[in-house]
Amino acid sequence: MPHSLGWYHTPTSTGFVLHLSATPDHLRATRTLIGKALAEAGVGEDLTHSAQLLMSELCGNTIRACGDFVPLVAEVEVEPRLWRDTGADWAVWVRLHDPYRSALPVHGGVPLGDPEAESGRGLPLVDLLAPGWRIAATPVGKQVCCRIAGE
């Protein structure tokens, strides 16, 4: 459904798809939608906060690589229990699509625990929250796909 802030939100049976441009207001709206969708699905607070943090990091990386106001498609999906082969109670997929296939994420070489670093912790944090995350080329850009499992 269209929103007055200029983003388009489509609920799905397991989450949502959100078409937006990369702005601070839209990032806040995305975090709010993640919280609402995952709470409605019964996902716990820790996993919800991890999904919100992960999407924030992905959006921040995209803005640094592609610029402000780049068109994005954010997807959040609760993985149906029957698909899971682990003992985790919940799993959530976080995906972010942008139109710049060649603007790939780059590790900044900053250790996650470096108290002096002002930036560069984003991808190590993504590695920690969603081991095995990947980038998939699409016909109109790329999509960063992350799966977070919780207990």
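The values are calculated or read from the model by the stated rules, or taken from the named source; none is laboratory data. Keep in mind that this is a model prediction, so the values were computed, not measured. For the accessible areas, the whole protein counts, side chains as well, though only heavy atoms, and no ligand, DNA or RNA atoms are used. Shrake-Rupley method; radii C 1.70, N 1.55, O 1.52, S 1.80 Å.
Ranking ARG64, ARG101 from most to least accessible surface, computed with a 1.4 Å probe over the protein chains only, gives ARG64, ARG101. Exposure check, 1.4 Å probe, all protein chains in place: TYR8 carries approximately 100 Å² of accessible surface.
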